[in-house]
Amino acid sequence: MIFRNKLARAMAVLGVALGATVLTLPAHANDEEHPAAAAPEADKAAEHPAKEPDKAAEHKDGEAKKDGHDPATAGSGSAAAAGSGSVDPATIDVPDDDGELSKADELEGNKLGLGCHGDAEEGCTKAYAEFIKKIIPKVKEKALEKLEAKIDEKQAKKMETLSWVLFFFSFSGLLLFLMPAFLAKKYPGKGGVLFKFSAIAAISTVVVLELFAGVVILLKAVQGALGKFTNPQLKIVVAALDGIEEEAEHLVTMGPQLIQPTLDHVLTSDDPVPVALLENVKNVAKDVEPFIAVAKWFKGISWVFEYVPILMTTIAVFLFVVGARPIIKELILLPQKAAAGEDTAGVIREAFRKVGREFLAALMLILGLIVVTLFASEMLALAIKPAVKSFLDYFFATVIYVQHPGAQSSHIFGSLVGIIIFLGLNMGVIIVSSSAYLGKFHKIFQAKFQRQVPLANHKQFWLWGTLSLIWVQIFPFVFMLGAEPLVDHLAEKAYAKEQPNWTLALLSGPVIFVLGFVVLFWAFRGFKGFAFMFKYKPEPPTPPAEAPPAATPAE
């Protein structure tokens with residue numbers, strides 16, 4: 001993106017000032033004692049490269065030993081890497097088993113990053129970029145492992161809760177044993193019949209509800225297993241860390257005080273990567289109130305990221321109630337029908353047949369769930385990646401902007417919140433459309449197996465419903481393809497002068513992304529697609545009964 005190139009140029013222009021600011025905001029006690037120690041030594045070495053190389057090396061070795069690390073073992077490659085432009089992977093440690101970056105790894109990054117402020121050589125910049133690119137995959141792996149374990153734990157708790165709720169609810173069928181007490185007056189002398197069929201109805205209801213519960217738990221287990229593919233939290237972690245890795249060479253000026261603490265934050269807390277970045281701005285800027293406000297706001301809406309499992313659980317329980325209701329109703333009426341002398345043959349058999357047919361409908365739903373989830377997963381990745389990278393672009397731009405006198409909090413808040421809203425729109429259309437389509441999909445197969453409604457009766461849904469799903473889910477990616485060139489053009493204009501037009505640079509993109517998304521989604525019939533999926537009726541309305549012919553008046 002041109003926007004990123006312009007942002008990189010702005011970073012370069014402001015690098016000296018920002019570097020000085022970073023060096024006055026130390027992360028370690030030793031740095032507090034000598035906040036600008038690294039920069040003067042680098043300058044001296046640059047002035048006399050032939051005369052004093054040993055002194056510079058001795059100084060770096062001494063600083064490392066003061067921190068408790070021998071350069072020969074912990075960071076011996078840093079000085080050489082800064083000059084050569086490459087880092088030996090053997091000299092870079094990976095995160096410790098407890099999840100935090102190792103002290104040697106942190107020291108290595110600080111040496112490389114703090115040595116690149118001001119008139120940094122190209123080799124030093126490349127060395128720090130290689131350092132970031134080396135540790136990002138390890139951080140990503142551990143962060144995803146931790147987040148997936150948390151998701152699995154929550155899923156297990158929800159499954160346990162759902163299982164117990166359905167288990168105890170199924171035993172509510174035993175209340176049917178009390179029916180003779182309520183029906184004795186209505187059917188005098190039928191006590192034996194009422195007791196016999198109440199017992200049959202009670203036991204059958206418990207068994208039927210248990211079977212239904214088994215179908216629902218199977219469906220929920222499959223939903224949970226597939227949930228990782230469409231979980232926005234996982235997608236955001238991957239997209240954000242990938243974005244930092246790709247922009248590593250542009251982040252040297254703020255790397256040691258912003259990027260490395262953020263990576264530690266991601267490994268040691270449950271906060272999303274954007275929140276970790278926002279909260280660590282305090283290490284590179286004095287006015288952090290707008291960033292903290294955005295971080296709190298982002299945390300406040302983080303429940304949206306758990307919308308998918310919550311929705312799937314709700315759908316599972318709803319399907320349980322809807323599917324079981326007509327069968328339970330027949331079983332509850334069984335004692336009354338028997339006492340009234342009506343034919344009750346086949347009621348129990350039909351109840352278990354309905355459970356079997358409901359199981360077939362659930363199997364078809366699982367098949368549809370797999371296909372829709374895999375497609376939605378790919379579309380979600382395509383939608384979230386550019387949205388998160390746009391957030392990173394505007395985040396780093398606001399970090400530079402806040403260094404300027406007269407920086408306005410409203411610009412920072414509006415820019416970052418706008419991009420977060422855009423990210424939410426991208427996720428929302430994909431998640432909600434998947435749920436709407438699968439709900440109708442399941443009802444169609446329920447009608448097929450329970451009431452023998454042919455699938456051919458739903459040609460309209462198979463064609464327009466499926467096309468609506470595909471279009472709605474691919475729209476965020478297509479929109480980004482068209483919106484990015486316009487945002488790039490405006491960014492180029494904003495950064496064209498020596499003094500950037502920060503209002504245009506920070507607010508034009510979020511406005512285009514949010515308003516443009518909504519307007520074009522409406523213009524290209526995205527809302528029509530939603531309406532079709534939500535309003536489609538799997539069963540045509542029952543035609544009104546014909547009125548009996550009027551009686552011929554007697555002559």
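The figures follow:
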read-out	value
Local electrostatic count, GLY224, Cβ distance below 10 Å [Lys/Arg +1, Asp/Glu -1]	+3
Dmax and Rg, reported as Rg then Dmax, of the range 145-535 (C-alpha, Å)	27.7, 100
For TRP522, TRP297, order by how many other beta-carbon atoms lie within 10 Å, fewest first	TRP522, TRP297
GLN499-GLU289 FRET efficiency (beta carbon distance; Förster radius 25 Å; 0.05 resolution)	0.55
Span from the the range 514-537 Cα centroid across to the the range 131-163 one, whole angstrom	33 Å
Ranked PHE182, PHE524, criterion: other C-beta atoms within 10 Å, fewest first	PHE182, PHE524
Exposure proxy ranking, count of Cβ atoms within 10 Å, fewest first, for ARG349, ARG525	ARG349, ARG525
Projected area, mean over directions - the range 417-462, Cα convex hull, nm²	3.6 nm²
Zone of ILE421's modelled label, taken as backbone nitrogen in the range 516-538 under 17 Å from a point 7 Å along Cα→Cβ	516-522
Subset of LYS299/LYS385; LYS140/LYS296; LYS140/LYS299; LYS337/LYS537 violating a 29 Å alpha-carbon distance limit	LYS337/LYS537
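Each value in this text was obtained by applying a stated rule to the coordinates, not by laboratory testing. None of these values were measured; they are calculated from a predicted model. FYI the Cβ positions are ideal-geometry reconstructions off the backbone, even for glycines, and counts take in every protein chain you see.
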